[in-house]
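**Student:** Shown below is the structure under consideration.
The values are calculated or read from the model by the stated rules, or taken from the named source; none is laboratory data. Here the structure is a predicted model, which means the values were calculated and not measured. Here the Cβ positions follow ideal geometry from the backbone for every residue, glycine too, while neighbour counts run over all protein chains shown.
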Amino acid sequence: MLIAGGSSDTTDAVTFATSAKKSTEIFNPSTGLFSAGPDLSQPKTFHEAVTLADGRVLISGGLTYYVIIVPIPDLSSVAQVYTPNAGSGSFGGNVTMGAKRAAHTAVLLNDGRALLVGGATGSLLAPTILATCELFNPASGFSAAGGLAGARAITSLVKLPAGQVLASGGAQGDLYNPVPVGTCELYTPVTGGAGSWAAAGSMNSTRSGHGCLILSDGSVGLIAGGGGAGGVALDTAEVYQP
């Protein structure tokens, strides 16, 4: 298991970004021990990771910082692919995304591409939430995907048995004053193309930062928890029937 980046101080947004780490760790479940992994090319927190079809890991975007006398917080448009091996593994070179993106979500499609959805962009002083999406092809890099009908960050993605992707809930507004939403959208991929999104109804509750998984009967079960209206943590769950 690869554990990459993260932040050690949540005092405020600037401190959260400028305390981001570029270090990684590897957890070995057979020994129960952690060991040092290779460094990322830049510190990252609020980034996203997705395992590719060949076992490599795409790590994309996030909050970062660079130093000009003092640390300057920023959002990242950098992605890297981690390749595991018998040692600690290694990261490939930087791959530039189509946009700076943090607090986004990602999922692997059946054709081997990774879909990156929404998130926040701009500067850390005024991060705006995105409706745009991107596709990562391990052979050729990033390209634009079909856009969401509504901007959303901290959403939950799950791939349905037929290969479509459900995006449920998430937050709109801006990253400092997020407004949880209850709408869902369904992404239909097109081989070699951008794919498209369509409305997929609404949940019973507005949710962001929640969990979502597929049940054995093909329904999406345990759309569970998350943050609701007014920042209240939820203890409810819902089931989506495709």
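**Student:** Kindly establish whether Ala13 is closer than 26 Å to Gly112 by Cα and either over 18 Å from the mean Cα position of the chain (by Cα) or surrounded by 20 or more Cβ atoms within 10 Å (Cβ to Cβ) (or both).
**Tutor:** When the stated conditions are applied, Ala13 does not pass them.
**Student:** Shifting gears a bit: Report the residue count in the stretch 146-158 for those that are outside any loop (DSSP other than H, G, I, E, B) and touching a Phe, Trp or Tyr at 6+ places or on another chain (Cβ under 8 Å).
**Tutor:** Pass one, the stretch 146-158, residues outside any loop (DSSP other than H, G, I, E, B): 153, 156-158.
Next, only the ones that are touching a Phe, Trp or Tyr at 6+ places or on another chain (Cβ under 8 Å) stay: none.
So the answer is 0.
**Student:** Kindly provide the set of residues from the stretch 42-75 that are in a loop (DSSP other than H, G, I, E, B) and under 13 Å from the mean Cα position of the chain (by Cα), ordered by number. Let's see the steps before the verdict.
**Tutor:** Taking the stretch 42-75 first, the residues in a loop (DSSP other than H, G, I, E, B) are 42-43, 46-47, 52-56, 61-62, 69.
If the condition is that a residue be in a loop (DSSP other than H, G, I, E, B) and under 13 Å from the mean Cα position of the chain (by Cα), then Phe46, His47, Gly61, Gly62 are the ones that fit.
**Student:** Being of a type in the set (Val, Ile, Thr) and under 23 Å from Gly141 (Cβ atoms) is the filter here, so list the residues in the stretch 72-90 that pass it.
**Tutor:** Here is the first cut: in the stretch 72-90, the ones of a type in the set (Val, Ile, Thr) are 72, 78, 81, 83.
Val78, Val81, Thr83 - these are the residues of the stretch 72-90 that are of a type in the set (Val, Ile, Thr) and under 23 Å from Gly141 (Cβ atoms).
**Student:** Being among the aliphatic types (A, V, I, L, M) and either closer than 15 Å to Ala103 by Cα or without any contact (Cβ under 8 Å) to a residue 12 or more places away in the chain (or both) is the filter here, so list the residues in the stretch 157-207 that pass it.
**Tutor:** Result: Leu157, Ala167, Ala171, Leu175, Val179, Val190.
**Student:** Kindly provide the set of residues from the stretch 47-98 that are surrounded by 20 or more Cβ atoms within 10 Å (Cβ to Cβ) and in contact (Cβ under 8 Å) with a residue 60 or more places away in the chain, ordered by number.
**Tutor:** Hits for the stretch 47-98 are Glu48, Leu58, Ser60, Leu63, Ala79, Tyr82.
**Student:** Just the residues that are closer than 15 Å to Asn177 by Cα and either in a loop (DSSP other than H, G, I, E, B) or aromatic (Phe, Trp, Tyr) (or both), please, taken from the stretch 107-121.
**Tutor:** Taking the stretch 107-121 and keeping what is closer than 15 Å to Asn177 by Cα, we get 119-121.
Matches in the stretch 107-121: Gly119 only.
**Student:** Got at least one residue in the stretch 7-20 being touching a Ser or Thr at 6+ places or on another chain (Cβ under 8 Å), at pLDDT below 95 and assigned to a strand (DSSP E or B)? Break it down stepwise before answering.
**Tutor:** Taking the stretch 7-20 as the starting set, the residues that turn out to be touching a Ser or Thr at 6+ places or on another chain (Cβ under 8 Å) are 7-9, 16-17, 19-20.
Retained after the next criterion (residues that are at pLDDT below 95): 7-9, 16-17, 19-20.
Restricting the remaining residues to those that are assigned to a strand (DSSP E or B) gives 7, 20.
Looking for residues that are touching a Ser or Thr at 6+ places or on another chain (Cβ under 8 Å), at pLDDT below 95 and assigned to a strand (DSSP E or B), one finds at least one in the stretch 7-20, hence yes.
**Student:** Pick from Leu160, Leu124, Leu135: which is closer than 20 Å to Asn110 by Cα and out of contact with any Ser or Thr (no Cβ under 8 Å at 6 or more places or on another chain)?
**Tutor:** The conditions single out Leu160.
**Student:** While we're on this one: Say we look at the stretch 168-197 and pick out the residues that are aliphatic (A, V, I, L, M) and closer than 28 Å to Gly231 by Cα; which of these is surrounded by the fewest Cβ atoms within 10 Å (Cβ to Cβ)?
**Tutor:** Among those that are aliphatic (A, V, I, L, M) and closer than 28 Å to Gly231 by Cα, it is Val179.
**Student:** Continuing with the same structure: Could you grab me the full set of residues in the stretch 99-127 that are modelled with pLDDT under 95, of a type in the set (Gly, Ala, Ser) and surrounded by fewer than 21 Cβ atoms within 10 Å (Cβ to Cβ)?
**Tutor:** Across the stretch 99-127, the qualifying residues are Gly122, Ser123, Ala126.
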